[in-house]
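> Submitted below is the structure of interest, expressed as structure tokens.
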Amino acid sequence: MSNKNFNGNPPKYINDFSKALASEVRILLAEVGKLRDERRALQYEIAELMSVKSKHGPAGEYSPEWRPQSTEPQAMIPAPPPPAPDGPMEPAKPGWRVVHKRPEKRERKPKGGPPPIPPPSAIPPLEPPRPNMPSWAQWRPNPLLSPAPMMATPNAPLPGTPPPSGRSGLFGPPTPPPK
């Protein structure tokens, strides 16, 4: 092909061929899509059939030995009476039970009081870190951050302190007993 006859547009036979090829590709793509949908539907149907087969199989939901009841009335066969007991029967235990009251628990008194807390000035100084040891082994708690005992106030007494004079309940003085 020479370059002097080329005017920028492709020849007509190439244009016609590309249009025919595009229409064929569209048709084939539509057929492929239809076949894919049919395959999915068949796979779904096979899965449903296998599910039904497993339900009706030997270990499935529905027992294979089951048969529908016949419409004919069956003769009522009475069950044989239970065998008579051989010896005398023991009396049954009574339903009423005796409940014994538990003895009240007494509070224990501590024999020795807790050791007195040393004053803050008696805290020993910190040890210097030891060389050739890992950092976690050198850790020492800060004695200045140790918990301090709480102080009781009149509005917030400690649990172990006796209540103030005069019995008063949560909502005021208790009501007198009935006469």
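> Pairs, please: C-beta under 9 Å, at least 6 apart or cross-chain, first residue on the phi < 0 side of the Ramachandran plot and open to solvent by 70 Å² or more (accessible area, probe 1.4 Å) and in the stretch 12-38, second polar (S, T, N, Q) and in a helix (DSSP H, G or I)?
none
> Still on this structure, please answer the following. Condition (residue is in a helix (DSSP H, G or I) and either at pLDDT 75 or above or loosely packed, with under 10 Cβ neighbours inside 10 Å (or both)) applied to the stretch 152-174: is it met by at least one residue? Steps first, please.
Of the stretch 152-174, the ones in a helix (DSSP H, G or I) are none.
Within the stretch 152-174, not a single residue is in a helix (DSSP H, G or I) and either at pLDDT 75 or above or loosely packed, with under 10 Cβ neighbours inside 10 Å (or both).
> Right, next: Scan the stretch 45-77 residue by residue and report those that are at pLDDT 70 or above, of a type outside the set (Ser, Thr, Tyr) and open to solvent by 90 Å² or more (accessible area, probe 1.4 Å).
45, 46, 49, 50, 53, 56, 58, 59, 61, 69
> Related question: When both residues are 6+ apart or on different chains and their Cβ atoms are under 8 Å apart, which pairs have a first residue that lies in the stretch 80-108 and is without any contact (Cβ under 8 Å) to a residue 24 or more places away in the chain, and a second that is charged (D, E, K, R) and surrounded by 10 or more Cβ atoms within 10 Å (Cβ to Cβ)?
none
The values are calculated or read from the model by the stated rules, or taken from the named source; none is laboratory data. Computed from a predicted structure; not experimentally measured. FYI the Cβ positions are ideal-geometry reconstructions off the backbone, even for glycines, and counts take in every protein chain you see. The protein model used for the area step is the full one, side chains on, heavy atoms only, and it has no ligands, DNA or RNA in it. Shrake-Rupley method; radii C 1.70, N 1.55, O 1.52, S 1.80 Å.
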